[in-house]
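Peer 1: Have a look at this one before I ask anything.
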Amino acid sequence: MQMGALQQEREAHVRPSAPTMPLLYLSRSCSATDLLLSSSKGRFLPCKSQRKSMRSFGSTAGSSYITLAEPVLQHTVEIKRSKFIASAAPVDDEGAALAFLSQVQKSNASHNCWAFKIGDHARCSDDGEPGGTAGRPMLSALTSSGLDHIMVVVTRYFGGIKLGTGGLVRAYGKVTTECLKDARTITIKPKVSVQLRVPFDVLGVLYPLLQVYNVEKVQERFDGNGDAGVCMDLLVELDKLENLERDVGVNSKGRASFIHLNLPSM
């Protein structure tokens with residue numbers, strides 16, 4: 001397997017071992033690790049860090065953030081015979097947060113306290129505990145974790161010994177912190193939905209380029225206007241869009257064209 005060398009100036013050329021592979025122009029910002037060649041399949045693959053699918057089609061939310069890669073269920077801490085059971089999940093909106101609450105709360109428990117943070121929007125509930133002793137310390141622990149778009153539910157089974165307000169604050173903060181600290185996380189990057197029109201005779205050049213940029217193809221359909229080709233609905237990471245546009249233009253010699261949809265305000 002051969003890897004193309006990056007030039008020190010504004011461009012890089014990849015010289016694949018197979019003569020049938022197209023020669024790609026790539027912007028300087030593309031690193032060598034982004035240009036991994038699969039010797040078994042003879043095609044370009046994005047590097048491992050690029051392979052994570054991020055958001056659903058049409059999402060154009062502002063900044064990148066770190067969230068849970070998967071739900072964390074039933075992290076248990078026992079304090080003076082009371083059991084505190086924390087569960088957490090990544091959520092996109094308040095409706096999803098409350099749906100998660102419905103899934104994990106226990107009707108036979110003493111309390112089902114919760115907190116969520118979705119960007120600047122945050123809410124919490126003490127669910128019958130003394131005011132400010134459960135939801136607020138949970139939200140504080142959630143904020144301190146650096147994670148976003150997270151819902152945490154702590155279910156308490158009372159053990160017969162009162163903890164006092166200070167003890168409750170420490171207990172709810174502790175179980176929330178422990179629930180999140182070792183969880184697997186993922187960085188979510190904002191994506192913009194675009195359309196790309198490509199004539200048939202340049203598809204072979206652009207498909208590998210879309211893989212290098214980790215572009216998610218949502219739909220592809222025939223387009224008979226002008227030079228016959230295809231129209232693709234794509235999701236592109238916002239911070240890669242400018243370089244992708246430039247590289248598509250160079251590699252297609254200006255014959256492939258982008259149509260922007262739902263661009264976020266800058």
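The values are calculated or read from the model by the stated rules, or taken from the named source; none is laboratory data. None of the values given here were measured: they were computed from a predicted structure. Note that we place each Cβ from the backbone using ideal geometry, even for glycine, and neighbour counts take in every protein chain shown. Just the protein is used for accessible areas: all its heavy atoms, side chains included, with ligands, DNA and RNA removed. Shrake-Rupley method; radii C 1.70, N 1.55, O 1.52, S 1.80 Å.
Peer 1: Once the convex hull of the C-alpha atoms of region 100-212 is built, how many Å³ does it hold per residue, rounded to a whole number?
Peer 2: Hull volume normalised by residue count: 144 Å³.
Peer 1: Let me ask something else about it. What is the set of long-range amide H partners of R123 at a cut-off below 5 Å, with H atoms built 1.01 Å from backbone N?
Peer 2: F116
Peer 1: In Å², and per residue, what accessible area does region 135-266 have when probed at 1.4 Å with the other protein chains present?
Peer 2: 46 Å²
Peer 1: Next question, about the same structure. Just the ratio, please: alpha-carbon radius of gyration of region 97-139 over 2.2 N^0.38 Å, N its number of residues.
Peer 2: Rg over 2.2 N^0.38 Å, computed on Cα atoms: 1.16.
Peer 1: Please sort 109-116, 217-224 by packing, taking for each peptide the average over its residues of neighbouring beta carbons within 10 angstrom, highest first.
Peer 2: Going by the mean number of other Cβ atoms within 10 Å, highest first, we get 109-116, 217-224.
Peer 1: What whole-number value in cubic angstrom gives the convex hull volume per residue for the C-alpha atoms of region 128-193?
Peer 2: Taking the convex hull of the Cα positions in region 128-193, it is 115 Å³ per residue.
Peer 1: Starting from the amide H of V218, placed 1.01 Å from N in the peptide plane, find each other amide H under 5 Å away whose residue is 5 or more places distant or on another chain.
Peer 2: D233, L234, L235
Peer 1: In percent, what relative contact order does region 101-248 have, based on Cα pairs under 8 Å that are 6 or more apart in sequence?
Peer 2: 19 percent
Peer 1: Turning to a different aspect of this structure: Residue by residue through region 211-220, which ³J(HN,Hα) values in whole Hz follow from phi under the Karplus form 6.51 cos²θ - 1.76 cosθ + 1.60 (θ = phi - 60°), with glycine and proline marked x?
Peer 2: The phi angles translate into 5, 4, 8, 6, 6, 8, 8, 8, 7, 9 Hz.
Peer 1: Name the residues whose placed amide hydrogens come within less than 5 Å of the amide hydrogen of D223, ignoring near sequence neighbours (fewer than 5 apart) on the same chain.
Peer 2: Result for D223 returns G229, V230, C231.
Peer 1: Give the dimensionless ratio obtained when the Cα radius of gyration of region 151-266 is divided by 2.2 N^0.38 Å.
Peer 2: With N residues counted in region 151-266, Rg over 2.2 N^0.38 Å equals 1.84.
Peer 1: Using a 1.4 Å probe on the protein heavy atoms, what percent of the accessible area of region 123-192 belongs to carbon and sulfur?
Peer 2: Result for region 123-192: 49 percent of the exposed heavy-atom area is carbon or sulfur.
Peer 1: Let me ask you something else. Which entries in K106/K174; K83/K189; K189/K253; K117/K162; K117/K240 show an alpha-carbon gap greater than 31 Å?
Peer 2: Beyond 31 Å: K83/K189.
Peer 1: Still on this model: Order of 179-185, 83-89 by packing, highest average Cβ count within 10 Å first?
Peer 2: Top to bottom by mean Cβ count within 10 Å: 83-89, 179-185.
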